[in-house]
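Working notes for the structure below.
The values are calculated or read from the model by the stated rules, or taken from the named source; none is laboratory data. Just so we're clear, the structure is a prediction, and the values are computed from it rather than from any experiment. Cβ placement follows ideal geometry from the backbone for every residue including glycine, while neighbour counts extend to all protein chains displayed. All accessible areas refer to the heavy atoms of the entire protein, side chains included, with ligands and DNA or RNA removed. Shrake-Rupley method; radii C 1.70, N 1.55, O 1.52, S 1.80 Å.
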Amino acid sequence: MHAADFKVKILGIVGTPIKDGNCQYLLEQALQVAESGGQATTELIHLKDYRIEYCIGCEMCLRRVHKVQKEVGYHVVPVPVEEYNCSIKDDMRVIHEKMLDADAILLAAPVYIATIPGQVKTFIDRCRTFVHDFRLRGKVAAPLTVAFYRNAGEDTALQTMTLSLLAMGLTQVSFGASAVSTREGMGIPIRETRFAVKEDLVGMTMMNMAATQVVQAAVQMKAGKLALEEAGITFQTAGWAPPQ
Ligand SMILES: Cc1cc2nc3c(=O)[nH]c(=O)nc-3n(C[C@H](O)[C@H](O)[C@H](O)COP(=O)(O)O)c2cc1C
């Protein structure tokens, strides 16, 4: 095998109403770090560029997953459902395809009232199929956040994204990174630059660590998958089925 066989795709998703803001900048830097070792290609998508409706709770995705499980058996992981498994026909189809195609996902969102903005929660809710079909298993992830003040909701935002990424079946390999967009995180905007996050050395260091961890883990995960494939080892579950 060659180094090219272990190259990974990293998808950066940023969710904020602001284009070209601090959060996007932090994610762009993280993707640059990820690419710098030559083992990753990256793509950044901005949720603002996509039409994403609220989840309507119809449970169509869940019913389709259960239908396929009944047909193929509960031991089959991931569940071989059709590519896009949501009843709402909007741009989530494109985002699901990109997520399924990636080896790793970096999710970036600013702190809004001590947690993530609504746009990001809406995106997360629309990923429910992955909670049940396990199609994102074996991919790695980490969250990134930016806030005005230091310690003013960053942990909650990171935890919310962490639990959501884990629920979707992703393997989160870093607790992520938080940065501030004001001088020293004291809430004083830095007039000369729109990207005040640049001056947050603590935040940029954490971002660097998170991005490095993600790319390393993604390459290791890919190498492991290829090795298992070569050895003819497929993953089997105990085949537990819910009571009918
Ligand atoms: C509605 C709203 C709520 C916010 N809530 C918080 C907050 O709870 N804590 C905080 O430190 N910053 C808060 N902020 C500030 C943003 O997190 C900060 O400006 C961040 O840099 C935004 O990212 P951006 O530069 O990419 O737009 C809030 C901003 C908005 C618009």
(request) Check Met99, Met1 and return the single one that is closer than 23 Å to Thr171 by Cβ and open to solvent by 50 Å² or more (accessible area, probe 1.4 Å). (result) Met1
(message) If I filter region 16-32 down to residues being in a loop (DSSP other than H, G, I, E, B) and within 7 Å of the ligand (Cβ to nearest atom), which single residue comes out as most open to solvent (accessible area, probe 1.4 Å)?
(response) Ile18
(request) Just need a number here: residues in region 186-201 that are open to solvent by less than 10 Å² (accessible area, probe 1.4 Å) and among the small types (Gly, Ala, Ser). (result) 1
(request) Hey, could you check region 160-177 for residues that are more than 17 Å from Asp125 (Cβ to Cβ) and free of Cβ contacts under 8 Å to residues at least 40 places away in the same chain and say which is nearest to the ligand (Cβ to nearest atom)? (result) Gly176
(request) Just name the residue that is least open to solvent (accessible area, probe 1.4 Å) out of those in region 33-66 that are under 17 Å from Gln216 (Cα atoms) and in a helix (DSSP H, G or I). (result) Ala34
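In region 1-15, which residues are outside any helix (DSSP H, G or I) and over 14 Å from the mean Cα position of the chain (by Cα)? Working first, answer last.
Residues of region 1-15 that are outside any helix (DSSP H, G or I), as a first pass: 1-2, 7-15.
If the condition is that a residue be outside any helix (DSSP H, G or I) and over 14 Å from the mean Cα position of the chain (by Cα), then Met1, His2, Lys7, Val8 are the ones that fit.
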(request) Output the helices (runs of 4 or more DSSP H) that fall wholly within region 128-244 and possess 1 or more residues being in contact with a Phe, Trp or Tyr (Cβ under 6 Å, 6 or more places away or on another chain), or say none. (result) 201-231
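Would you pick out the residues in region 79-109 that are in contact (Cβ under 8 Å) with a residue 60 or more places away in the chain and more than 27 Å from Gly15 (Cα to Cα)?
So in region 79-109, the residues in contact (Cβ under 8 Å) with a residue 60 or more places away in the chain come out as 95, 98-99, 101-109.
If the condition is that a residue be in contact (Cβ under 8 Å) with a residue 60 or more places away in the chain and more than 27 Å from Gly15 (Cα to Cα), then no residue fits.
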(message) Out of the residues in region 210-220 meeting the condition of being closer than 11 Å to Val173 by Cα and touching a strand residue (DSSP E or B) at 6+ places or on another chain (Cβ under 8 Å), tell me which one is most open to solvent (accessible area, probe 1.4 Å).
(response) Gln213
(message) Cβ contacts < 6 Å: first residue at pLDDT 80 or above, restricted to region 182-193; second residue open to solvent by 100 Å² or more (accessible area, probe 1.4 Å), any location; separation 6+ or different chain. Result?
(response) Thr182/Phe148; Gly185/Tyr149; Gly187/Phe148; Gly187/Tyr149
(message) Tell me the residue from Phe148, Phe134 that is under 16 Å from Ser178 (Cα atoms), surrounded by fewer than 19 Cβ atoms within 10 Å (Cβ to Cβ) and not basic (Lys, Arg), please.
(response) Phe148
(message) Given (1) within 28 Å of Ala218 (Cα to Cα); (2) out of contact with any Phe, Trp or Tyr (no Cβ under 6 Å at 6 or more places or on another chain), identify the lone condition not met by Tyr25.
(response) (2)
(message) Can you tell me which residue is least open to solvent (accessible area, probe 1.4 Å) among those in region 102-127 that are charged (D, E, K, R) and in a loop (DSSP other than H, G, I, E, B)?
(response) Arg126
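Taking the options Ala141, Ala177, Ala167, name whichever one is crowded, with 24+ Cβ neighbours inside 10 Å, under 30 Å from His66 (Cβ atoms), of a type in the set (A, V, I, L, M, F, W, C) and modelled with pLDDT of 95 or more.
On the way: Ala177 fails: under 30 Å from His66 (Cβ atoms); Ala167 fails: crowded, with 24+ Cβ neighbours inside 10 Å.
After ruling out the rest, the residue left standing is Ala141.
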